[in-house]
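What follows draws every value from the coordinates through simple rules; no lab data is involved. These numbers come from a predicted model, not from an experiment. Cβ coordinates were reconstructed from backbone atoms using ideal geometry, including for glycine residues, and neighbour counts include every protein chain displayed.
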Amino acid sequence: MTQAYRKKREAFIAAVPKAELHLHIEGSLEPQMMFALANRNGVQLPYDSVEAISAAYQFANLQEFLDLYYLGMQVLIEEQDFYDLTIAYLDRVHRDNVRHAEIFFDPQGHTERGIPFGRVISGILRALDDGQQRFGISSKLIMCFLRHLSEESAFATLAEAEPWLERIAGVGLDSSEVGHPPEKFARVFAKCRDRGLRLVAHAGEEGPPDYVWQALDTLRIDRIDHGNRALEDKALIKRIVDDGYTLTLCPLSNLKLCVINDIAKSPVKTMLDQGVKATVNSDDPSYFGGYINDNYHAVANALDLTIEEIATLAVNSFEGSFLDADEVAERRAEIDQLVKQSAGY
Ligand code: ADE
Ligand code: ZN
C-alpha cells in the first residue's frame with residue numbers, strides 16, 4: 001500500500017458519513033468534564049487533577065474498566081450535567097462526520113445512587129434534540145440493563161421508563177459479562193419486545209460463543225454488540241451471516257480491555273472477509289483513547305483496509321441502524337458517490 005493511497009484513505013475516513021451504533025454516553029465523559037462536574041456538584045473524587053484521572057485509565061480486563069466507569073459517573077447529578085455530557089459528545093463526533101448516533105445510557109448507574117430516572121433521560125433527550133438542530137445528527141436512544149444487577153431491577157427500570165417509551169428506540173444489555181448470561185434477562189427482553197422496543201445485547205466480548213447464541217435465540221436480539229468470540233464457532237458465524245446480523249465492533253476498546261493484545265488482532269477484517277456485517281464504533285471513547293474516526297484509522301492502518309472496505313463499514317453502520325429504509329438508502333448513495341470520487345471517476 002503506497003503512501004499516496006494511505007493519505008487518500010485517511011481523507012476518505014474523515015469525509016465518509018457514518019453512524020455510531022455502540023456508544024455509552026457515560027463513557028464519553030472526558031476527564032476535564034469529570035473534574036469540572038465534581039467541583040460544580042461538590043462530589044469527592046479519588047483524583048486531584050485531570051492528569052491523575054487520565055493516568056488511572058489502564059485496564060487488564062472489562063471489570064477493571066467498569067469499576068472506574070461507575071466511579072466516574074457519580075459526578076453526574078443534575079439534568080444539566082446529562083445535557084452537557086451528551087451535547088459534548090455530539091459536538092465532538094460531528095467533526096468525525098457522524099450523521100446518526102444510537103446512544104446507550106445506563107439508568108441503573110444513576111437511579112441506584114438516588115438520581116431520578118426522569119432527570120437523567122430528560123437531560124440526554126434535550127441534548128439529542130439540540131444536536132439534531134445544531135449539528136444535523138439524528139439519533140436514537142437505547143436504554144441498557146446492567147447485567148450484574150437482578151432481573152427484578154431490570155423490570156423496575158423498565159417500569160420507570162414507561163412514560164418515556166415513545167422516545168426510547170430499544171434496550172440493550174451491558175456491564176460485567178462473564179457469569180451473567182443473556183438468559184438471565186429472557187423475560188424482561190420478551191416484555192420489551194412486546195412493548196415494540198428494538199433489542200441489542202453485549203455478547204462475546206469476554207463471554208463465550210454460547211452467550212452470543214443465547215442473545216440470538218433466547219433474547220431474540222436485532223443486533224450484536226461486540227460479538228468478537230463468535231469467531232470461535234463456525235456454526236455461529238454461519239448463523240450470523242445467513243441471518244444478516246450486524247456486529248458493533250469496538251477496536252480501541254478491545255485493545256484497552258485486553259480482549260486483543262494488538263490492534264492487528266482486531267476481528268474487523270476477518271469478519272468482513274467472512275461476510276459478517278461488521279461496523280466500527282468507539283464504545284467508551286474517553287476511557288479508551290479515541291472517538292469513532294480514531295477507531296477507523298487504527299484498523300485501517302493495522303489491517304491495511306482498502307477504501308472500499310472502509311466504505312463497506314460505513315454502509316453497514318447505516319444498514320445496521322434502526323433508521324428508516326429511505327434514510328439508509330440516501331446515506332448509501334452518498335457513500336457510493338464518495339467512493340467514485342475517490343477512485344477518480
Ligand atoms: N459498559 C460500558 N462499556 C461497556 C463494555 N465495553 N462492555 C460492557 N459493559 C460496558
Ligand atoms: Zn459497550
Item to complete: Could you run the Karplus curve 6.51 cos²θ - 1.76 cosθ + 1.60 with θ = phi - 60° over segment 66-77 and give me ³J(HN,Hα) per residue in whole Hz, x for Gly and Pro?
Response: 4, 4, 6, 4, 6, 5, x, 6, 5, 7, 8, 10
Item to complete: Show which aspartates and glutamates lie in cross-link reach of Lys191 when reach means a straight Cα distance below 16 angstrom and same-chain residues fewer than eight apart are skipped.
Response: Glu151, Glu152, Glu160, Glu162, Glu166, Glu183, Asp217, Asp222
Worksheet item: Taking N as the number of residues in segment 97-165, what is its alpha-carbon radius of gyration divided by 2.2 N^0.38 Å?
Response: 1.21
Item to complete: Enumerate the amide H contacts of Lys277 below 5 Å, restricted to partners 5 or more residues apart or on another chain; note that Pro and chain-start residues carry no placed amide H.
Response: Leu247
Discussion item. Placing +1 on the Cβ of each Lys and Arg and -1 on the Cβ of each Asp and Glu in segment 53-141, which of Pro107, Ile77, Leu125 has its Cα farthest towards the positive end of the resulting dipole?
Written reply: Leu125
Item to complete: Write down the Kirkwood hydrodynamic radius of segment 151-240, to one decimal in angstroms, obtained as one divided by the mean of 1/r over all alpha carbon pairs.
Response: 13.4
Worksheet entry | For segment 80-88, 3J(HN,Hα) per residue [Karplus equation, 6.51 cos²θ - 1.76 cosθ + 1.60, θ = phi - 60°, Hz, x = Gly/Pro] | 4, 5, 5, 5, 4, 4, 6, 5, 5
Worksheet item: Between Ser49, Val339, Ile310, whose Cα lies farthest towards the positive end of the dipole of the chain when Lys and Arg beta carbons carry +1 and Asp and Glu beta carbons carry -1, centred on the Cα centre?
Response: Val339
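Starting from the Kirkwood Rh over alpha-carbon pairs, what translational D in µm² s⁻¹ does segment 195-273 have by Stokes-Einstein at 20 °C and 1.002 mPa s? Display every interim value, and only then the final one.
Working: Rh = 12.8 Å.
Result for D is 168 µm²/s.
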Worksheet item: Magnitude of the Cβ-charge dipole of the chain, K/R +1 and D/E -1, about the Cα centre, nearest 20 debye?
Response: 680
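Please list the equivalent ellipsoid semi-axes of segment 243-345, computed as the square roots of five times the alpha-carbon gyration tensor eigenvalues, in descending order and whole angstrom.
Numbers: eigenvalues 109, 50, 34 Å².
Semi-axis lengths for segment 243-345 are 23, 16, 13 Å.
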Practice prompt. With springs only between Cα atoms under 10 Å apart, run a GNM on the chain and tell me which of Asp304, Asp262, Asp326 wobbles the most.
Written response: Asp326
Discussion item. From Cα pairs below 8 angstrom and at least 6 apart in sequence, can you work out the relative contact order of the chain, rounded to a whole percent?
Written reply: 20
Item to complete: Any of Lys18/Lys238; Lys234/Lys256; Lys234/Lys340 with alpha carbons more than 31 Å apart? Name them for me.
Response: Lys234/Lys340
Item to complete: Report ³J(HN,Hα) in whole Hz for each residue of segment 297-313, in order, from the Karplus equation J = 6.51 cos²θ - 1.76 cosθ + 1.60 where θ = phi - 60°; Gly and Pro get x.
Response: 4, 4, 6, 4, 5, 6, 10, 6, 6, 8, 4, 5, 5, 4, 4, 4, 4
Discussion item. If I build a Gaussian network model for the chain, linking alpha-carbon pairs within less than 10 angstrom, which residue out of Ala169, Ala230, Ala56 has the largest mean-square fluctuation?
Written reply: Ala56
Worksheet entry | the chain: translational diffusion in µm²/s, Stokes-Einstein, Kirkwood Rh over Cα pairs, 37 °C, 0.692 mPa s | 162
Worksheet, complete the sentence: Calculated from DSSP helices alone, with each H run of at least 4 adding -39500 (n - 2.57) and the total divided by the residues of the chain, [θ]222 nm to the nearest 500 comes to -15500 deg cm²/dmol
Practice prompt. Name the residue, out of Cys144, Cys250, Cys192, whose mean-square fluctuation peaks in a Gaussian network model built on the chain with Cα pairs under 10 Å.
Written response: Cys192
Worksheet item: At q = 0.11, 0.16 Å⁻¹, what log₁₀ I(q)/I(0) does a Debye calculation on the Cα points of segment 1-130 give, no solvent, two decimals?
Response: -0.47, -0.87
